[in-house]
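Enquirer: There's a structure below that I have some questions on.
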Amino acid sequence: MAQPGVAPAGFGRLAEFPLLVVLLGAVGLSCWLPAGHAVILGHHRVAQSFFYSGLVLTILAIMLAIATRHTRPRHGTQGQLAALAGAYLVLPLAMALPMVLAIRDTSLSNAWFEMLSCFTTTGASVYEPGRLSPSIHLWRALCGWFGGFFILLCAYAVLGPLNLGGAEVISGRVPGRGESAAQITRLADPALRLARHTGTILPVYAGLTLLLWVGLLIAGEDGLLALTHAMGTISTSGITAGAGLSVTGSGWVGELLLFVFLLFAVTRRALPVRGPHESRQTIWRDPELRLALALVTLVVAVLLLRHALSDADDTDLASLRGFFRAFWGAMFTSLSFLTTTGYESAYWSSARDWSGLGAPGLVLLALAIIGGGVATTAGGVKLLRVYALFRHGERELERIIHPSSVGGRGAEERRLRHEGAYQAWVFFMLFAISIALVMAALTVAGLAFETALVLGIAALTTTGPLAGVASLDPILYSGLTDPVKLILGAAMILGRLETLALIALFAPGAWRR
Amino acid sequence: MKVIICGAGQVGWQIARHLSGERNDVTVVDVNSDLVRRATETLDVQGVVGFASHPDVLERAGARDADMIIAATHSDEVNMVCCQIAQSAFNVTRKIARIRNQSYLETGYSDLYNLDRLAIDVVISPEREVAEAALQRLAAPSTFDTEVFMGGRAQLLGLHLEADCPVLNTPLRQLNDLFPTLRAIVVGMRRGGRLIAPEANDQLLEEDDIYVFTHSEDVNRCLEIFGKKNKKQERVVIVGGGNVGLGVARALEARTDRIRAKVIEKDRETAERAADGLERTIVLNGDGMDMELLLEAAVDRADAILAVTDDDKTNLLVSVRAKQAGCQMAITLVNDPTLAPLMAPLDIDAYINPRATTVSSILRHIRHGRVRGVYSIGDAEAEMIEAQVMSTSPIAGRLIRDIEFPEGVLVGAVMKGERVMKPMGDLRIEAGDVVAMFAMTKDVPEVERLLQVSIDFF
């Protein structure tokens, strides 16, 4: 366009429009993918609803784009965070449009909850899998994938520079405020930054998904299921088109593939994109990866060793075969829930039987609270924060013995242990308070204590499938009332955006000292 | 030989003193005219005032016909450039630089120093030398001085004789008969503050300081004979976390016998740097003079305290405090050699003089002939010289008893091939052997003559 100055190219063009309008357009355009899919399958009604929804959304986006083209967006912390929060409020409604049209007897609240849970990469589903046509499953997976990309992009382009979403633990500075360098006269336009990061992250993100899809296809998975699982793994949404949570068709090889790709949700360094606050460590020395490894090992060891205490019938189970089934089942499932994805291994029941524990699902609940890596698609408290708290505790113990001792391992680590742990502790407390509040709200809305606990944590950590495994009897999302869905929806946004970001959005004055 | 010494500080001055005393043509260069004047007035040297790495200054100092340049200013970079210019512009044959910064010394980059790159023949690092000296002292806790010779096969031990020494009042001649298999020899003796090379009939008395040259395998036996026990050091407290302290702590960590070290450092930043560089060692931040901090480092149960801050008085006082609190042994870094007599009254077991160690290591490289090791004893009163005997030497092919050594010279050991032997009168010294000789300073030129020094080895 005839913009004075340097005309931005590629994704940079999009930087001229407000973020929300761009996102709306993207949702509109992506509606046509399931539309095409439905046409091929011969589901014309579904195809129609997706095609017309796409048309409506695209036209709406274009009109909005024309109308808002030359409005200068509000810069600064609030403007960026408001756009972010706005995306979570508006987009699920837009995504729900084809759902309402395509599924005959559904309410808007159900469709909205479904799409919000997809977009926040929670993956909680109110529908019976058999009730939805394959194209709608594709749409759910696509929205989850889109949501994963969106949060990844925001972590790099918005939250990172604003010292939020885990960056505050690394930098040790007050969250919600950007770099205050007096000598930098011009800060990069947030919109341009978004555009630039889209250019670097999208190819990697899409490429990895494609790679995993192809891998699963080779392993013998059904085409749509493979794509759903590939998207669900990369975005940690845990959305599946099949009946259960577990991976079927490709068997053990497929699980192994998913396991490897889950590592992208453990540490940001696994992604071949140079992110904020990158240090030149090798990936094997990455604290998040090591902590995740330790946690998974711990859970697996506890579950396997519990066997010795249990009075489980060991005529059949004690065989080597049973041991390996239990081992793999425990390992895959714990990593899957640690990264807040929520796929269950086909051998998880073996692990459960082997350990003799009635409800090892509670362990998964704890893993989901810890969460995946900072600046990845995973939710939860995040590994880096837990690591900072752990290091801080270790150092405090050392200081009991030697009060004037000096901690080693470099300045970066020292900052992480000190200021970083402080920020992590603030977040951890906020997270605990949000669990309490969400649970209180859910019990007021009429849920039993245990159900409220599981659902609250599932929503806050964006690990929807927890509801199915954490308690003894699976909790069904379809049986929930509308107020409960509303509360859970709010909790999902809170969990996805992180409390600190919302506080920075609503109470900016509190952070100005 | 014509030598230019850049930097007339403590190290430069000491080297100038040594070299000028041996009738070399020495020129001292320094920016500080006072230091240059002090050197020219007290020593037989010439002085040039100017920036040592500037070519015109070097030319004024006579770099065109100099045989050697020793760069010992306090800046690593000036020393490096100095050597490079001496090579490139004046083609000086031998270039020695003092380099402090650990990064320049790291083994990964050690091939930096050769003719094609940084033209430095010998790199001397005072901090590293001092750290090594400290480790040697720690290894032999009952000695007040040690140095390794002959590639680790022989050691010089400095021992203080006390009343419980079983061989008191025994003539040295008899020691040979009492312990015929002991490969050790008393090469020096300090009685009443005077250092002498002992005669065969001299007796050992209480309160003597003796220097024993011994085979490495016989060190423990030797210590036993002179009434010393060599016990293991397990807990070490290091005061001062600078390059020296950090170097020692690192070396202790690298050892297989798990020595538990604690480092005390006053400066927060230095302490953090030390903590970053160490794995297991605990670094405490605070004043080493603070009794509470010393107790936090468990100095009362420590086997040794190593005071290596840059301040002599702090080092002395910390050592005294630690000893008082119950520490077994104190090793102190002392820059000022005149403080050495204080060690006995303060009950400090050993001291390290960084200048002496640096000077020793520089001397090793500038001595004539095939001198392989020189260790300066006391306040430059004597030297232990390790050298290879050449075929042109007057001592080659002769029995030890037939060689006319000066009065102040004693042979400590002879190494034939890989074997270190005790020097008996009927041992024949052959070309290619390595001899270690104790020589009083006044006899050093005579020793050099015996080793047949000729200019063609430069």
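Read the figures in this text as sums done on the coordinates, not as results from a lab. Not measured: the values here are computed from a predicted model. Don't worry about glycine lacking a Cβ; one is built from the backbone with ideal geometry, like all the others, and counts go over all protein chains shown.
Enquirer: For the protein assembly as shown, with the dipole built from +1 on Lys and Arg beta-carbon atoms and -1 on Asp and Glu ones, taken about the Cα centre, which of A:Cys143, B:Thr146, A:Gly54 lies farthest toward the positive end?
Expert: So the residue furthest toward the plus end is A:Gly54.
Enquirer: Could you check what % of the DSSP bridge pairs in chain B are antiparallel, to the nearest 5?
Expert: On the way: 46 of 85 bridges.
Roughly 55 percent of the DSSP beta bridges within chain B come out antiparallel.
Enquirer: Let me ask you something else. Could you give the length gained by full extension between B:Asp56 and B:Thr392, i.e. 0.36 nm per residue of separation minus their alpha carbon distance, to one decimal place?
Expert: Values: separation 336, 0.36 × 336 = 120.96 nm, distance 4.06 nm.
Full-extension gain reported as 116.9 nm.
Enquirer: Would you please give the residues with an amide H less than 5 Å from that of B:Val239, counting only those at least 5 places away or on a separate chain, with H modeled from the backbone geometry?
Expert: Correct list: B:Ile264, B:Leu306, B:Ala307, B:Val308.
Enquirer: Efficiency by 1/(1 + (r/R0)^6): what FRET value for A:Arg409 and B:Arg38, r their Cβ-Cβ distance, R0 = 56 Å, to the nearest 0.05? The partial results should precede the final answer.
Expert: Numbers: r = 46 Å, r/R0 = 0.83.
Plugging the Cβ-Cβ distance into 1/(1 + (r/R0)^6) gives 0.75.
Enquirer: Sticking with this one: In a shell of Cβ-Cβ distance under 13 Å around B:Ile305, excluding B:Ile305 itself, what net charge do Lys and Arg (+1) and Asp and Glu (-1) give? Let's see the in-between values first.
Expert: Values: positive: B:Arg137, B:Arg235, B:Lys262, B:Arg301, B:Arg321, B:Lys323; negative: B:Asp300, B:Asp303, B:Asp347, B:Asp349.
Once all neighbours under 13 Å are counted, the net charge is +2.
Enquirer: Further, regarding this structure: Once both labels are modelled 7 Å past Cα along the beta-carbon direction, what's the B:Asp65-B:Asp287 spacing in nm?
Expert: Label-label distance for B:Asp65 and B:Asp287, simple model: 5.8 nm.
Enquirer: Return the FRET efficiency for the residue pair A:Glu396, A:Leu298: r is the Cβ-Cβ distance, R0 is 25 Å, and the value is rounded to the nearest 0.05.
Expert: It comes out at approximately 0.70.
Enquirer: Report the GluC sites (Glu not before Pro) located in segment B:340-413 that are in a DSSP loop and have at most 14 other Cβ atoms inside 10 Å of their Cβ, or state none. Before the final figure, lay out each step's value.
Expert: Numbers: sites: B:Glu381, B:Glu383, B:Glu386, B:Glu404, B:Glu407; in loops: B:Glu381, B:Glu404, B:Glu407.
Qualifying residues, ordered by number: B:Glu404, B:Glu407.
Enquirer: Same structure again: Could you work out, residue by residue across B:268-277, how many beta carbons of other chains sit within 10 Å of that residue's beta carbon, and then give the average as an integer? Before the final figure, lay out the partial values.
Expert: Details: counts 1, 1, 1, 5, 6, 4, 2, 7, 8, 2.
Taking the mean over all residues of the peptide, I get 4.
Enquirer: Do you know the relative contact order of chain A, to the nearest whole percent, from alpha carbon pairs under 8 angstrom that are 6+ apart?
Expert: 17 percent
Enquirer: Can you tell me the order of A:81-91, B:433-443 when each peptide is scored by its average per-residue count of other Cβ atoms within 10 angstrom, highest first? Numbers along the way, then the final one.
Expert: Details: A:81-91: 18.8, B:433-443: 21.9.
In decreasing order of mean packing, A:81-91, B:433-443 become B:433-443, A:81-91.
Enquirer: Sequence-distant or interchain residues sharing an amide H contact under 5 Å with B:Ile352, placed H: which?
Expert: B:Thr332, B:Leu333, B:Val334
Enquirer: How many Cβ atoms of partner chains, on average, are near each residue of B:278-284 if near means within 10 Å of its Cβ? Numbers along the way, then the final one.
Expert: Values: counts 3, 2, 1, 1, 8, 6, 5.
Across the residues of B:278-284, the mean count of other-chain Cβ atoms within 10 Å is 4.
Enquirer: Which value, in Å³ per residue, describes the convex hull spanned by the Cα atoms of chain A?
Expert: Numbers: hull volume 87.0 nm³, N = 513.
Enclosed volume per residue, from the Cα hull, is 170 Å³.
Enquirer: Just order A:417-423, B:304-310 by mean Cβ neighbour count inside 10 Å, highest at the front, would you?
Expert: Details: A:417-423: 21.0, B:304-310: 26.1.
Put in order of decreasing packing, that is B:304-310, A:417-423.
Enquirer: Which whole-Hz ³J(HN,Hα) couplings does segment B:198-211 yield from phi under the Karplus relation 6.51 cos²θ - 1.76 cosθ + 1.60, θ = phi - 60°, glycine and proline marked x?
Expert: In residue order, the calculated couplings are x, 8, 5, 8, 5, 9, 8, 10, 4, 6, 6, 9, 10, 10 Hz.
Enquirer: Now for a separate question. How big is the gap, in Å, between the Cα center of segment A:29-57 and the Cα center of segment B:119-190?
Expert: First find each Cα centre; the distance between them is then 92 Å.
Enquirer: Right, something else. With +1 on each Lys and Arg Cβ and -1 on each Asp and Glu Cβ, how big is the dipole of the protein assembly as shown about its Cα centre, in debye rounded to the nearest 20? Each step should come with its number before you reach the end.
Expert: Working: 88 positive and 98 negative charges, 684 e Å.
So the dipole magnitude of the protein assembly as shown works out to roughly 3280 debye.
Enquirer: Right, here's the next one. Could you please state, rounded to a whole Å, how far the C-alpha centre of segment B:53-77 is from the C-alpha centre of segment B:294-330?
Expert: 41 Å
Enquirer: Another question, then. What is the set of long-range amide H partners of B:Val29 at a cut-off below 5 Å, with H atoms built 1.01 Å from backbone N?
Expert: For B:Val29, the qualifying residues are B:Ile5, B:Cys6, B:Gly7, B:Val48.
Enquirer: What's the center-to-center distance, using Cα atoms, between segment A:333-347 and segment A:94-164 in Å?
Expert: 20 Å
Enquirer: Other chains near A:410-421: what is the mean number of their Cβ atoms within 10 Å of each residue's Cβ? Can you show the working numbers first?
Expert: Values: counts 5, 4, 0, 1, 3, 0, 0, 0, 0, 0, 0, 0.
Shielding by partners across A:410-421 averages 1.
Enquirer: Give me B:His18, B:His365, A:His307 sorted ascending by neighbouring Cβ count inside 10 Å, so fewest comes first. Write out the running numbers ahead of the final one.
Expert: Details: B:His18 24, B:His365 15, A:His307 20.
Exposure proxy ranking, most exposed first: B:His365, A:His307, B:His18.
Enquirer: Rounded to the nearest whole Å³, what is the per residue volume of the convex hull around the Cα atoms of the protein assembly as shown? Let's see the in-between values first.
Expert: Details: hull volume 234.9 nm³, N = 971.
Once divided by residue count, the hull of the protein assembly as shown is 242 Å³.
Enquirer: Describe numerically, in nm with one decimal, the distance between label points set 7 Å from Cα along Cα→Cβ at B:Ser88 and at A:Val426.
Expert: Rounded to a tenth, the inter-label distance reads 5.4 nm.
Enquirer: Determine, from the Cβ-Cβ distance of B:Glu199 and B:His365 and an R0 of 51 Å, the FRET efficiency 1/(1 + (r/R0)^6), rounded to the nearest 0.05.
Expert: Details: r = 33 Å, r/R0 = 0.65.
E(calc), rounded to 0.05, equals 0.95.
Enquirer: Of A:Ala445, A:Gly79, A:Leu153, which is farthest towards the positive pole of chain A's charge dipole, taken about the Cα centre with +1 and -1 on the beta-carbons of Lys, Arg and Asp, Glu respectively?
Expert: A:Gly79
Enquirer: Shifting gears a bit: Sort B:180-190, A:463-473 for me by packing, meaning the mean count of neighbouring Cβ atoms within 10 Å per residue, highest on top. Mind showing how you got there, number by number?
Expert: Details: B:180-190: 19.5, A:463-473: 23.3.
Averaged packing, sorted descending, gives the order A:463-473, B:180-190.
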